[in-house]
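The values are calculated or read from the model by the stated rules, or taken from the named source; none is laboratory data. For clarity, every value in this text was computed on a predicted model and none was experimentally measured. No Cβ is skipped: glycine too gets one built from the backbone with ideal geometry, and neighbour counts run over all protein chains shown. Ligands, DNA and RNA are stripped out before the accessible areas are found, and what is left, the full protein with its side chains, is counted by its heavy atoms. Shrake-Rupley method; radii C 1.70, N 1.55, O 1.52, S 1.80 Å.
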Amino acid sequence: MDEKTLRTLEFAKIRDILSDRAATVLGKELCTDLTPSAEFLEVQHRQAQTSEARRLYMGGRSIPLGGIHDLRASVQRALRGGMLEPHELLDVADTAASGRRLKRFLQENQDEAPILAAIANMIGAFGNLETEIRRAITEHAEVSDDASPALAQIRRGQRTIQNRIKERMDSYVRGPGVKYLQDPIVTIRDDRYVIPVKIEYRGQVPGIVHDQSGSGSTLFIEPMAVVEMNNELKELALKERAEVARILARLSALVGQEGDSLADSLRAFAQIDFASAKGKLSLELDCVEPELERAPMLEIRRGRHPLLKGNVVPMDVNLGVSFDTLVITGPNTGGKTVTLKTMGLFVLMTQSGLHVPAGFGTRMGIFDQVFVDVGDEQSIEQSLSTFSSHMTNIVRVIDSIDGHALVLVDELGAGTDPAEGAALAMSILEHLHARGAKTIATTHYSELKTFAYSRPRVENASVEFDVETLRPTYRLLIGVPGASNAFEISKRLGLSPLIVDRSRQFLTKEKENVEDLLASINATRTELERERAEAARLRQEAQAMKAEYDQRYSGAQQKANDAVDKARAQATNILAQARREADAVIDELKSALKQQREAERTQTIQSARKRLSNARQALEGEGRPVQRAGEPPKGLKAGDAVIIVSQGLPGYVLTEPDGSANVMVQAGIMKVTVPLADLARAEESPEPKKSRAGAGGRNTGGRSAAVAKAQTIATEVDLRGLMVEEALDRVDKYLDDAVLAGAPQVRIIHGKGTGALRKAITDQLRSDSRVSSYRLGLMGEGGDGVTIAKLID
């Protein structure tokens, strides 16, 4: 496609719309790079980018493209070793920062825009480059003092000398010599400080003259007292210029090192920018994404020319589906050329990745070429008439067709003898049809209407004209040839009926019959459309009534279902309440029985404790052991078996004798501190005296059972592998024995498992009067698999 063809299609206006919405000039450049011969997948990819951008904007998420500059010229110059100006370097830093924001934004919205996020991955990271530029270049595009230590020193020297110069110059301005000055000011000429001296006092102020006023009455003199300081200032200025150049060259070299990555990033910016512009345009024009087809065809539903505003009449048209050539006839200003341009624009917009202003269901195929001949290209300079200019374009089209082509021709065969023009038009259409091109042509020739009827895959179409109002309706009618309506229009415009009737007589009988037939067809079609509209209205009313009936029936059904559900819910609530009351009664009975059992158990335990206490007292009073015959044992160590002589109880040593000759001994479940003199090794312990028999014999037997129980009770019970009820019974009996033995606490092993047994044990311990507190085992005690219960004293 050349620029002339784009201009003919008015696509330049679309391009301008896009460029107005693009954040940079890069988007505009891509808009001009339209390639109708693009592969199907490439077009699909472009359309997807537009859809992603549209979704982001519809969701209120604007793509952040601000701050991006066209750096291509600067990057190319840096790659060649050139030096960039401060404002160019600042543009590089701004673009790097904007690219970082853009990349982060698209990565955060990757689910909504995966293709744009993938393109954003091409954007490089230029953090170091941006930092260097920001440090050296101020926001006013000036080289900062902090750019280098040398530059900072130079500028400090400049400021020092400038202050000295101003102090010296102030002595002229405020001192006695002020009478020699035209004005008491200090100014600059040729980068040197001067004062305005009246010309008549030239000899009173020695120095160098740098300038003279326009009137000649004032000389701008550099006093000799500051000449040397001005010279120093000039030298520092030269050094400053050299240092600034060195800094800019260094930064430009850094840009050159990142040149390839910057170029890739700029291409990514361009693609994202173009997609953003297309997405905004899609929303503004209320466009849809067309369904893409690999075949060269188009099927437009409710299509609108993108530049038409207001109440636009949409059109439905197709090409390449049931016919390949479309001949459009009808009166002038009826919309034939607009239809032609709209179809061409839709093809180019689709293949550029643009959405089209049409309805859903619009399908667009892929064309390799698009040829257009629209408008009057006559030229006096080139000796081209209207016919010649059109025919020159047609010749170029026929010579250039190669592949799937779309040909759009306005007023085919116009500008010459009607008979010859019609014959030539039919021959051209036949040739294009044979070459496989998809062709749309507008014409006023009646012969082409017959040609369309008599050829396969060639179809007539017309733009509707309302004879009553003498206005076009702009509706495109496929399959119906257009009538000129010249006689009716002339009559309504005031032409004498005699002239109109006489004009009819000049028509051939066949042509008059054709015109009458077309008029009859149009009248019949209008009546059918009116009836179809009425039928559609009635069908819509019937559908509305059916929907209302369905809604009422559904409402009644819902109410019935709600009533049943409500009754069922009430019954369920009543049943649940009854169950709760029954459960409460059962729980009360169980609680009463449990309290009774607890009272009986407590009484039994207290009785057993009393008997045990009596037995111990009896043992203490009656069972006095025999006094040791020899020396206390020596060399006892932890683990040695011993006998507590005074009690006659076996045990083993836990600790060696302390400074007071006391030893810690484990006797059964009890740990006791015993004097060393009360111990004997197990193999040499003396025989204790036997208890007296006689009247106290019965009490001695009861005491022996209690002591045996105290000595043999284990400090833990293992419930693993038992059922819950069996385990609870064993715990209950074990607690009785432990309390009877006077154990301070017990260790209940239930394991971890599902936790059901542990929960049952803790529930029992919580309400057991023999247990003062309980807890889970600590690290080293068995953890969650063990419960430690502390018994009442």
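Do we have any residue at all in segment 127-134 that's open to solvent by 40 Å² or more (accessible area, probe 1.4 Å) and more than 20 Å from D91 (Cβ to Cβ)?
No, segment 127-134 contains no residue that is open to solvent by 40 Å² or more (accessible area, probe 1.4 Å) and more than 20 Å from D91 (Cβ to Cβ).
Being in contact with a helix residue (DSSP H, G or I) (Cβ under 8 Å, 6 or more places away or on another chain) and among the aliphatic types (A, V, I, L, M) is the filter; apply it to segment 444-460 and report the residue that is modelled with the highest pLDDT.
My answer is V458.
Just give me the residues in segment 752-769 being in a loop (DSSP other than H, G, I, E, B) and either surrounded by fewer than 17 Cβ atoms within 10 Å (Cβ to Cβ) or β-branched (V, I, T) (or both), in sequence order.
First, the residues of segment 752-769 that are in a loop (DSSP other than H, G, I, E, B): 752-755, 767-769.
Of everything in segment 752-769, those that are in a loop (DSSP other than H, G, I, E, B) and either surrounded by fewer than 17 Cβ atoms within 10 Å (Cβ to Cβ) or β-branched (V, I, T) (or both) turn out to be K752, G753, T754, G755, S767, S769.
Can you tell me which residue is nearest to L406 (Cα to Cα) among those in segment 278-309 that are of a type in the set (G, A, S) and crowded, with 22+ Cβ neighbours inside 10 Å?
So, considering only residues that are of a type in the set (G, A, S) and crowded, with 22+ Cβ neighbours inside 10 Å, the one nearest to L406 (Cα to Cα) is G303.
Looking only at segment 399-422, which residues are surrounded by 15 or more Cβ atoms within 10 Å (Cβ to Cβ) and assigned to a helix (DSSP H, G or I)? Walk me through it before giving the result.
First, the residues of segment 399-422 that are surrounded by 15 or more Cβ atoms within 10 Å (Cβ to Cβ): 401, 404-416, 421-422.
Those that are surrounded by 15 or more Cβ atoms within 10 Å (Cβ to Cβ) and assigned to a helix (DSSP H, G or I): G421, A422.
Criterion first (modelled with pLDDT under 90, more than 30 Å from S389 (Cβ to Cβ) and open to solvent by 10 Å² or more (accessible area, probe 1.4 Å)) does V321 satisfy it?
When the stated conditions are applied, V321 passes them.
Where residues in segment 725-744 are outside any helix (DSSP H, G or I) and surrounded by 15 or more Cβ atoms within 10 Å (Cβ to Cβ), which of them is nearest to the chain's Cα centre (by Cα)?
A743
(1) in contact (Cβ under 8 Å) with a residue 40 or more places away in the chain; (2) over 17 Å from G82 (Cα atoms); (3) open to solvent by 20 Å² or more (accessible area, probe 1.4 Å); (4) not polar (S, T, N, Q): which one isn't true of L238, the others all being true?
The single condition L238 does not satisfy is (1).
Confirm whether Q540 is among the polar types (S, T, N, Q) and at pLDDT 80 or above.
Criteria met by Q540.
Across segment 81-92, what is the number of residues that are buried (at least 22 other Cβ atoms within 10 Å of the Cβ) and part of a helix (DSSP H, G or I)?
Number satisfying all stated conditions: 3.
Mind checking whether some residue in segment 350-368 is under 19 Å from L298 (Cα atoms), assigned to a helix (DSSP H, G or I), touching a residue at least 60 places away in the same chain (Cβ under 8 Å) and open to solvent by less than 50 Å² (accessible area, probe 1.4 Å)?
Pass one, segment 350-368, residues under 19 Å from L298 (Cα atoms): 350-368.
Within this subset, residues satisfying the condition of being assigned to a helix (DSSP H, G or I) are 350-351.
Now drop any that are not touching a residue at least 60 places away in the same chain (Cβ under 8 Å), which leaves 350-351.
When the remaining residues are screened for being open to solvent by less than 50 Å² (accessible area, probe 1.4 Å), the result is 350-351.
Yes: one or more hits.
Which of the residues spanning segment 169-191 are farther than 20 Å from S217 by Cα and open to solvent by less than 30 Å² (accessible area, probe 1.4 Å)?
Hits for segment 169-191 are M169, G175.
Looking only at segment 428-444, count every residue that is more than 49 Å from the chain's Cα centre (by Cα) and either open to solvent by less than 30 Å² (accessible area, probe 1.4 Å) or of a type in the set (S, T, N, Q) (or both) and tell me the total.
4
Can you say whether R104 is surrounded by fewer than 21 Cβ atoms within 10 Å (Cβ to Cβ) and under 28 Å from the mean Cα position of the chain (by Cα), as far as the supplied structure shows?
Working: surrounded by fewer than 21 Cβ atoms within 10 Å (Cβ to Cβ): yes; under 28 Å from the mean Cα position of the chain (by Cα): yes.
Criteria met by R104.
Can you tell me how many residues in segment 770-780 are open to solvent by 60 Å² or more (accessible area, probe 1.4 Å) and either part of a strand (DSSP E or B) or in contact (Cβ under 8 Å) with a residue 24 or more places away in the chain (or both)?
Number satisfying all stated conditions: 4.
Would segment 206-223 turn up any residue that is buried (at least 18 other Cβ atoms within 10 Å of the Cβ) and part of a loop (DSSP other than H, G, I, E, B)?
Scanning segment 206-223 turns up no residue that is buried (at least 18 other Cβ atoms within 10 Å of the Cβ) and part of a loop (DSSP other than H, G, I, E, B).
May I ask you to list the residues in segment 241-259 that are in a helix (DSSP H, G or I), of a type outside the set (A, V, I, L, M) and open to solvent by 40 Å² or more (accessible area, probe 1.4 Å)?
Result: R241, R246, R250, Q257.
On the given criteria, is A150 surrounded by fewer than 16 Cβ atoms within 10 Å (Cβ to Cβ) and touching a helix residue (DSSP H, G or I) at 6+ places or on another chain (Cβ under 9 Å)? Talk me through it step by step, then tell me what you get.
Working: surrounded by fewer than 16 Cβ atoms within 10 Å (Cβ to Cβ): yes; touching a helix residue (DSSP H, G or I) at 6+ places or on another chain (Cβ under 9 Å): yes.
Yes.
Only one of (1) within 20 Å of I119 (Cβ to Cβ); (2) surrounded by 20 or more Cβ atoms within 10 Å (Cβ to Cβ) fails for Y57. Which number is that?
Of the numbered conditions (1) within 20 Å of I119 (Cβ to Cβ); (2) surrounded by 20 or more Cβ atoms within 10 Å (Cβ to Cβ), the odd one out for Y57 is (2).
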